[in-house]
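The values are calculated or read from the model by the stated rules, or taken from the named source; none is laboratory data. Bear in mind the structure is a predicted one, so any value in this text is a computation, not a measurement. Cβ: placed from backbone, ideal geometry, glycine included. Neighbour counts: every protein chain shown. Side chains are part of the model used for accessible areas, which takes the heavy atoms of the whole protein and leaves out ligands, DNA and RNA. Shrake-Rupley method; radii C 1.70, N 1.55, O 1.52, S 1.80 Å.
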Amino acid sequence: SSSKPSKTRAPHRRTIKPRPLAYSLTDSPSESGEEEEEEERRRRMASADVEMGRKGRGYPGSVGGGGAGAFYYEAASEERAWKPWVVPAVVVANVAVFIVTMYVNNCPAHPNRLYGGCVAGFFHRFSFQPLRQNPLLGPSSDTLLKMGGLEWNKVVHGHQGWRLLTCIWLHAGVIHLLANMLSLIFIGIRLEQQFGFIRIGVIYLLSGFGGSVLSSLFVRNSISVGASGALFGLLGAMLSELITNWTIYSNKAAALFTLLFIILINLAVGILPHVDNFAHIGGFLVGFLLGFILLIRPQFSWMERQNLPSESWAKSKHMTYQYVLWVIALLLLIAGFAVGLVMLFRGVNANDHCHWCHYLSCVPTSKWKCDN
């Protein structure tokens, strides 16, 4: 479990017979030696406190992290524990938008003999499209497009760039919605508690936007909806946060491999048909860069300097490599958004410049094809 470094305590005092005033004004050789030993002991204890503070810090998947309460480096005295409200609000907003979408869809009013009758007809206006049309228990593609789904022609030729943001609030069905919202709660709550609503909110929105941009550059014949790009942005931010704050964590290798395994498994699911893996990749890349910029932490010895002797204080709030990563990430993020948006609104098809990239979103097998 995590523990804060304790303040250095003075050694046990011995009772000494009083000396004459003239003698006590100058230190005897034995008294001077005791003071030197006492000072050296304080330094050793301070060093041990710093090391103990580092070893007590956990990360997701770390063996010594102490369970769910140690997902992240526990806040020191200068940090505050944030009460999460943005992530719950985003969950409520997504559910509300889905309910409105189903109201607009109104399956009973638009019967389709080709696919069969509506599913869960007892919901009346809120019943789902036939399973042959939408196996995720949700609305029709026409309704999703009407509500703000991402479609390349609408964005580029219809000058509806707002779809790059509205699509991340829409979901194709109940199953799609539940999967994304449970993932958001599991990942987002802990991040918001550690870093606050502003930083996590910015990462969520910009990652979703970045995923939409990359999706539009590669996917032209489909409608894309969902918060998956924003969720992958949070995963990317977790990875870069671990890297940039590497020195304050324990069990670093285990945490890194666990996080990479989770990310790779989720990206691997994206090669299935009808899954927009370009949105996942775009969101992950944006979140990864934003983590270096927004989730940088001070050195432990800087945050606990009021509890440590001056010899143990850090000279700088952050380490040099953290500043270097911050600058590189900021430049790459600005350049990536600039190039991506220019290419998108000029109508460039990214597949013409990368002939193998379509395999990142769908790999054809004997069971399915990847046409369209």
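Laid out as a table, the results:
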| item | result |
| --- | --- |
| Residue count for region 153-209, restricted to those that are under 20 Å from the mean Cα position of the chain (by Cα), more than 18 Å from residue 143 (Cβ to Cβ) and among the β-branched types (Val, Ile, Thr) | 7 |
| Of residues in region 178-187 being touching a residue at least 60 places away in the same chain (Cβ under 8 Å) and open to solvent by less than 30 Å² (accessible area, probe 1.4 Å), the one farthest from residue 85 (Cα to Cα) | 180 |
| Positions within region 290-325 being at pLDDT 95 or above and aromatic (Phe, Trp, Tyr), in sequence order | 292 |
| Single residue of region 346-367 satisfying the filter (surrounded by 14 or more Cβ atoms within 10 Å (Cβ to Cβ) and closer than 14 Å to residue 216 by Cα) that is nearest to the chain's Cα centre (by Cα) | 361 |
| Residue match in region 106-125 (condition: over 30 Å from residue 250 (Cα atoms), at pLDDT below 95 and open to solvent by less than 20 Å² (accessible area, probe 1.4 Å)) | yes |
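Here's the yes/no breakdown for (1) in contact with a Leu (Cβ under 6 Å, 6 or more places away or on another chain); (2) in a loop (DSSP other than H, G, I, E, B):
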| residue | (1), (2) |
| --- | --- |
| 325 | no, no |
| 333 | yes, no |
| 339 | no, no |
| 347 | no, yes |
| 359 | no, no |
| 364 | no, yes |
